[in-house]
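Visitor: This is the structure I want to talk about, given as structure tokens.
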Amino acid sequence: MSAQLINGKEIALALREELAAELAFKKYRPYLAVVLVGNDEASLIYDRNKQKAALAAGMDCDLHHLPEETTEDDLLDLIGRLNGDDNIHGVMVQLPLPKHINGRRIIEAICPEKDVDGFTPQNAGRLLLKDERAIVSATPAGILHLLKTVHQNLSGLHAVIIGRSNIVGKPLASLLLNQDCTVTVIHSKTVNPKEITRQADILIAACGCPKMVKKDWVKEGATIIDVGINRIDGKLCGDVDFDDVCDKAAFITPVPGGVGPMTIAMLLRNTYQAYLALKK
């Protein structure tokens, strides 16, 4: 067996083109505000890519790039202004924030209806309760979309998630439970993780450990989603040892070109969802 690639780059492009076609007929454009504090080069590149993708899809997008020394109160003031601006439909703050700023307090200050990252307690709770008003975190939403390109029905499949972060692991567990998957989450304190991952029909690696998942972690014919973005000797790699597992899995996402492009595509879709809800 040689695993079939799940090409996130192509799938994300199709989603963005579909969104652009829909927005071409709208009188008003969705407006996304992205906030970045500090000068982390990777975050700056990522946020500029978001802005470029939003503009290409027919949205308005401003990047509010604030200096590293910005105070927590000044950042809260900016979020308050963005929340109160009826012309802005999506607000996202790039994480991580500088150490002197309480990230949880900042996220909780974002209006839930404009929280296109899906990180506020209100949206996290709505997802858990299967509330249709939930704005789902972009990376988990992108993963679900990728899975649905290769599985017509996820019901009853055993999904194992490696990692329990608030950004990926936990919301993804809720999302897959809502699809009637059987979900197991493993983490750094899990005993004998390989015994669990070898049972997975769907294995999602989101732990930040380069090439941790080897062939002996994988069930024959499994679908593997690699969320990891790591560098070894200057080269990008995921949390899965791609070369080692690709002849055992049925489907697998590459790194780069798998989950990453989907995150931006789903962020734009979330902004459009927020735009539609706020325009009602």
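Visitor: Within the stretch 56-111, track down each residue that is touching a strand residue (DSSP E or B) at 6+ places or on another chain (Cβ under 6 Å) and small (Gly, Ala, Ser).
Guide: Listed by number, the list holds a single entry, Gly90.
Visitor: What about Asp233, is it charged (D, E, K, R) and at pLDDT 95 or above?
Guide: Values: charged (D, E, K, R): yes; at pLDDT 95 or above: no.
So Asp233 fails the test.
Visitor: Further question: Taking only pairs six or more apart or across chains, which ones have beta-carbon atoms under 7 Å, a first residue in the stretch 261-279 that is within 12 Å of Leu23 (Cα to Cα), and a second residue that is assigned to a helix (DSSP H, G or I)?
Guide: So the pair list comes out as Leu268/Arg16; Leu268/Leu19; Leu268/Ala53; Leu268/Ala54; Arg269/Leu15; Arg269/Leu19; Tyr272/Leu19.
Visitor: OK, next. So which of Ile224, Ile202 ends up being in the same structural domain as His145 (by TED's automatic domain parsing), touching a His at 6+ places or on another chain (Cβ under 8 Å) and buried (at least 22 other Cβ atoms within 10 Å of the Cβ)?
Guide: On the way: Ile224 fails: touching a His at 6+ places or on another chain (Cβ under 8 Å).
Criteria check complete, one pass: Ile202.
Visitor: Let me ask something additional. For the structure I just gave you, tell me whether Ile107 is in contact with a Phe, Trp or Tyr (Cβ under 6 Å, 6 or more places away or on another chain), assigned to a helix (DSSP H, G or I) and not charged (D, E, K, R). Can you show your working first?
Guide: Numbers: in contact with a Phe, Trp or Tyr (Cβ under 6 Å, 6 or more places away or on another chain): yes; assigned to a helix (DSSP H, G or I): yes; not charged (D, E, K, R): yes.
Taking the combined requirement at face value, the residue satisfies it.
Visitor: Looking at the structure I just gave you, is Thr182 farther than 30 Å from Val93 by Cβ, among the β-branched types (Val, Ile, Thr) and either in contact (Cβ under 8 Å) with a residue 24 or more places away in the chain or touching a His at 6+ places or on another chain (Cβ under 7 Å) (or both)? Even if it seems obvious, please write down each step before you answer.
Guide: On the way: farther than 30 Å from Val93 by Cβ: yes; among the β-branched types (Val, Ile, Thr): yes; either in contact (Cβ under 8 Å) with a residue 24 or more places away in the chain or touching a His at 6+ places or on another chain (Cβ under 7 Å) (or both): yes.
Answer is yes for this residue.
Visitor: I'd like the full set of residues that are hydrophobic (A, V, I, L, M, F, W, C) and either assigned by TED's automatic domain parsing to the domain that holds Leu172 or not in a loop (DSSP other than H, G, I, E, B) (or both), limited to the stretch 112-133. Spell out the reasoning first.
Guide: Kept after step one, since they are hydrophobic (A, V, I, L, M, F, W, C), are these residues of the stretch 112-133: 116, 119, 124, 127-129.
Scanning the stretch 112-133 gives Ala124, Leu127, Leu128.
Visitor: From the list Arg133, Arg126, pick out the single residue that is surrounded by 15 or more Cβ atoms within 10 Å (Cβ to Cβ), of a type in the set (D, E, K, R) and in contact with a Lys or Arg (Cβ under 6 Å, 6 or more places away or on another chain).
Guide: Values: Arg133 fails: surrounded by 15 or more Cβ atoms within 10 Å (Cβ to Cβ).
Among Arg133, Arg126, only Arg126 is surrounded by 15 or more Cβ atoms within 10 Å (Cβ to Cβ), of a type in the set (D, E, K, R) and in contact with a Lys or Arg (Cβ under 6 Å, 6 or more places away or on another chain).
Visitor: With a cut-off of at least 3 residues that are farther than 30 Å from Ile88 by Cβ and within 17 Å of the chain's Cα centre (by Cα), name the strands (runs of 3 or more DSSP E) lying wholly within the stretch 198-280. Show your work before the answer.
Guide: Details: elements: 202-205, 223-226, 230-232, 235-237.
By residue number, 202-205, 223-226.
Visitor: Would you be able to tell me the number of residues in the stretch 75-97 that are closer than 22 Å to Tyr46 by Cβ and either surrounded by 17 or more Cβ atoms within 10 Å (Cβ to Cβ) or of a type in the set (A, V, I, L, M) (or both)? So that I can check it myself, show each step before the final result.
Guide: In the first step, residues of the stretch 75-97 are kept if they are closer than 22 Å to Tyr46 by Cβ; the result is 75, 78-79, 82, 88-97.
Subsequent filtering for residues that are either surrounded by 17 or more Cβ atoms within 10 Å (Cβ to Cβ) or of a type in the set (A, V, I, L, M) (or both) retains 75, 78-79, 82, 88-95, 97.
Qualifying residue count, the stretch 75-97: 13.
Visitor: Let me ask something else about it. Could you list all residues from the stretch 78-102 that are over 18 Å from the mean Cα position of the chain (by Cα), not in a loop (DSSP other than H, G, I, E, B) and not β-branched (Val, Ile, Thr)? Walk me through how you get there before you give the answer.
Guide: Restricting attention to the stretch 78-102, the residues satisfying the condition of being over 18 Å from the mean Cα position of the chain (by Cα) are 78-89, 98-102.
Still in the list and also not in a loop (DSSP other than H, G, I, E, B): 78-84.
Hits for the stretch 78-102 are Leu78, Gly80, Arg81, Leu82, Asn83, Gly84.
Visitor: Okay, next question. Across the stretch 205-218, what is the total count of residues that are closer than 14 Å to Ile162 by Cβ and surrounded by fewer than 23 Cβ atoms within 10 Å (Cβ to Cβ)?
Guide: 7
Visitor: Where residues in the stretch 1-54 are of a type in the set (Gly, Ala, Ser) and in contact with an Asp or Glu (Cβ under 8 Å, 6 or more places away or on another chain), which of them is modelled with the highest pLDDT?
Guide: Step one: filter the stretch 1-54 for residues of a type in the set (Gly, Ala, Ser), giving 2-3, 8, 12, 14, 20-21, 24, 33, 38, 42-43, 53-54.
Filter once more, so that each one left must be in contact with an Asp or Glu (Cβ under 8 Å, 6 or more places away or on another chain): 2-3, 33, 38, 54.
Numbers: Ser2: 87, Ala3: 94, Ala33: 98, Gly38: 95, Ala54: 95.
Filtering first and then ranking leaves Ala33.
Visitor: Also: From the list Glu41, Glu72, exactly one residue is over 25 Å from Tyr275 (Cα atoms), of a type outside the set (Phe, Trp, Tyr) and either surrounded by 13 or more Cβ atoms within 10 Å (Cβ to Cβ) or under 19 Å from the mean Cα position of the chain (by Cα) (or both). Which is it? Write out each step before concluding.
Guide: Working: Glu41 fails: either surrounded by 13 or more Cβ atoms within 10 Å (Cβ to Cβ) or under 19 Å from the mean Cα position of the chain (by Cα) (or both).
Just a single option satisfies the conditions, and that option is Glu72.
Visitor: Further, regarding this structure: Out of the residues in the stretch 165-197 that are among the hydrophobic types (A, V, I, L, M, F, W, C) and assigned to a loop (DSSP other than H, G, I, E, B), state the one that is farthest from Thr263 (Cα to Cα).
Guide: First pass over the stretch 165-197, keeping only residues among the hydrophobic types (A, V, I, L, M, F, W, C): 167-168, 172-173, 175-177, 181, 183, 185-186, 191, 196.
The next check asks that each one be assigned to a loop (DSSP other than H, G, I, E, B); those that pass are 167-168, 181, 191.
Details: Ile167: 11, Val168: 11, Cys181: 22, Val191: 31 Å.
In this case the residue turns out to be Val191.
The values are calculated or read from the model by the stated rules, or taken from the named source; none is laboratory data. No experiment lies behind these values; they were computed from the predicted model shown. Don't worry about glycine lacking a Cβ; one is built from the backbone with ideal geometry, like all the others, and counts go over all protein chains shown.
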